[in-house]
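What follows is a single structure, written as structure tokens, with notes after it.
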Amino acid sequence: MERIILTGDRPTGKLHIGHYVGSLKMRKEMQDKGGYDKFYIEIADVQALTDNWDNPEKVRQNIIEVALDYLSIGLDPEKVTFFIQSQVKGLFELTCYYLDVVTLARLQRNPTIKSELKMRNFEGNIPMGFLTYPVSQAADITGFDATIIPVGDDQEPMIEQTREIVRSINNLYGETLFEPQAVLPENLVCRRLPGTDGNAKMSKSLGNCIYLSDDSETVRKKVMSMYTDPNHIRIEDPGKVEGNTVFTYLDAFSETSDFEKYLPEYKNLDDLKNAYKHGGVGDVKIKKFLYQVLEDELAPIREKRHYYEERIPEVYEILRKGTNDANKKCNEVVKRLEENMKINYFEDTELIKAQSMKYTPNGD
Ligand code: TRP
């Protein structure tokens with residue numbers, strides 16, 4: 001079996017540092033490590049439209065932003081195939097056949113869908129496209145024979161749903177599709193980075209994001225106004241580390257070498273946490289440190305983004321080429337499924353012969 005990696009993002013906004021630690025960074029590491037046969041990254045515009053059908057322009061504008069974010073973190077179009085979901089028509093075909101093996105009750109049980117329906121006030125009047133997007137996502141994955149799916153933890157129910165569809169299809173029509181596995185970041189803090197305001201999720205609609213494309217001054221301002229421990233008022237006061245967003249971000253981003261560089265009075269993060277808990281460490285100090293740590297990571301990303309921002313037509317060419325490749329692969333899978341379902345009527349000479357015999361047994 002080939003080792004095929006696939007993942008994707010909805011083009012509804014620029015990507016932020018939650019996406020970065022939750023998935024993007026891992027993609028870059030997987031790319032650099034190699035040892036795979038193909039690596040696809042999908043810009044999921046069809047999925048984005050399932051809750052933005054009234055605003056296709058937003059989706060249209062953000063495809064390039066997401067592509068720029070990918071390139072800015074060092075994903076390399078020579079090693080990764082980037083494509084746009086809506087332009088791979090085979091995905092619609094697969095979705096349609098998969099819908100036949102999925103029930104309404106099963107879709108309504110998906111915990112990510114449940115919370116998304118609530119968040120969007122869709123509960124009373126559920127749009128079918130939205131409810132069924134996990135089935136379309138199963139097509140995204142199986143349409144490329146992908147088995148290795150680097151994602152954030154909220155995507156696990158989608159991978160589970162995909163595995164169930166794969167089993168149903170294989171049981172019905174014979175071995176056709178492959179079961180995928182989610183690959184999550186090892187550092188638990190990275191699986192769901194909170195927003196700068198301490199809210200459990202970093203999200204555009206909550207306005208609590210640090211974007212990969214933010215300039216240095218914007219990052220500084222956002223870090224300096226981050227949520228810490230509301231009871232840590234004077235420097236001498238003992239402070240809380242749990243639920244303190246600055247420490248959560250340090251857990252996700254800082255390395256011991258950062259202490260030597262920027263905060264040599266502490267050996268490492270545990271040392272700093274202990275001092276903070278005892279009192280005597282001010283919030284400004286930890287925020288300045290976090291800003292420096294983040295800047296080390298974000299400055300080269302920003303620079304690379306600027307390079308590609310000046311070459312937009314080139315970026316569209318990358319997407320066009322990737323989408324062509326993706327179409328080739330997906331069509332193979334559609335063909336395989338149609339053969340196994342025996343709905344490839346025009347290629348089926350046996351069928352045509354047998355039916356001729358049925359009606360004109362003497363051959364005339
Ligand atoms: N649902 C994913 C998200 O919201 C995006 C996505 C679409 C995806 N298709 C995919 C992720 C296929 C992994 C594999 O982030």
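The values are calculated or read from the model by the stated rules, or taken from the named source; none is laboratory data. This is a predicted model, so every value here is computed, not measured. Here Cβ is always computed from backbone atoms with ideal geometry, including for glycine, and neighbour counts include all displayed protein chains.
Here are the numbers for this structure:
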quantity: Given (1) at pLDDT 95 or above; (2) more than 17 Å from the chain's Cα centre (by Cα), number of the condition residue 206 does not satisfy; calculated: (1)
quantity: Set 132, 112, 103, 95: member being among the hydroxyl-bearing types (Ser, Thr, Tyr) and within 11 Å of the ligand (Cβ to nearest atom); calculated: 112
quantity: Number of positions in segment 176-193 that are away from the ligand (no atom under 15 Å from the Cβ), outside any helix (DSSP H, G or I) and in contact (Cβ under 8 Å) with a residue 60 or more places away in the chain; calculated: 2
quantity: Qualifying residue in segment 96-109 (condition: closer than 22 Å to residue 204 by Cβ and either out of contact with any Leu (no Cβ under 8 Å at 6 or more places or on another chain) or assigned to a helix (DSSP H, G or I) (or both)); calculated: no
quantity: Residue match in segment 235-247 (condition: in contact (Cβ under 8 Å) with a residue 40 or more places away in the chain and in a helix (DSSP H, G or I)); calculated: yes
quantity: Boolean, residue 108 is closer than 22 Å to residue 211 by Cβ, surrounded by fewer than 17 Cβ atoms within 10 Å (Cβ to Cβ) and free of Cβ contacts under 8 Å to residues at least 24 places away in the same chain; calculated: no
quantity: Residue in segment 319-342 that is surrounded by 14 or more Cβ atoms within 10 Å (Cβ to Cβ) and not in a helix (DSSP H, G or I) present; calculated: no
quantity: When residues of segment 145-161 are limited to those that are within 11 Å of the ligand (Cβ to nearest atom) and in a loop (DSSP other than H, G, I, E, B), the one modelled with the lowest pLDDT; calculated: 152
quantity: Sole residue being assigned to a helix (DSSP H, G or I), in contact (Cβ under 8 Å) with a residue 40 or more places away in the chain and under 19 Å from residue 146 (Cα atoms), chosen from 91, 75; calculated: 91
quantity: Meets criteria (in a loop (DSSP other than H, G, I, E, B), over 18 Å from residue 42 (Cβ atoms) and at pLDDT 95 or above) for residue 124; calculated: no
quantity: In segment 1-18, the residues that are touching a residue at least 60 places away in the same chain (Cβ under 8 Å) and out of contact with any Leu (no Cβ under 8 Å at 6 or more places or on another chain); calculated: 1, 2, 3, 4, 5, 6, 7, 8, 12, 13
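Here is a yes/no grid of residues against (1) surrounded by 19 or more Cβ atoms within 10 Å (Cβ to Cβ); (2) at pLDDT 95 or above; (3) within 16 Å of the ligand (Cβ to nearest atom):
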| site | (1), (2), (3) |
| --- | --- |
| 136 | yes, yes, yes |
| 165 | yes, yes, yes |
| 199 | no, no, no |
| 214 | yes, yes, no |
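Results for (1) among the small types (Gly, Ala, Ser); (2) away from the ligand (no atom under 16 Å from the Cβ); (3) surrounded by fewer than 24 Cβ atoms within 10 Å (Cβ to Cβ); (4) more than 13 Å from the chain's Cα centre (by Cα), shown as yes or no for each residue.
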{"site": "13", "(1), (2), (3), (4)": "yes, no, yes, no"}
{"site": "19", "(1), (2), (3), (4)": "no, no, yes, no"}
{"site": "24", "(1), (2), (3), (4)": "no, no, no, no"}
{"site": "50", "(1), (2), (3), (4)": "no, no, yes, yes"}
{"site": "58", "(1), (2), (3), (4)": "no, no, yes, yes"}
{"site": "64", "(1), (2), (3), (4)": "no, yes, yes, yes"}
{"site": "77", "(1), (2), (3), (4)": "no, yes, yes, yes"}
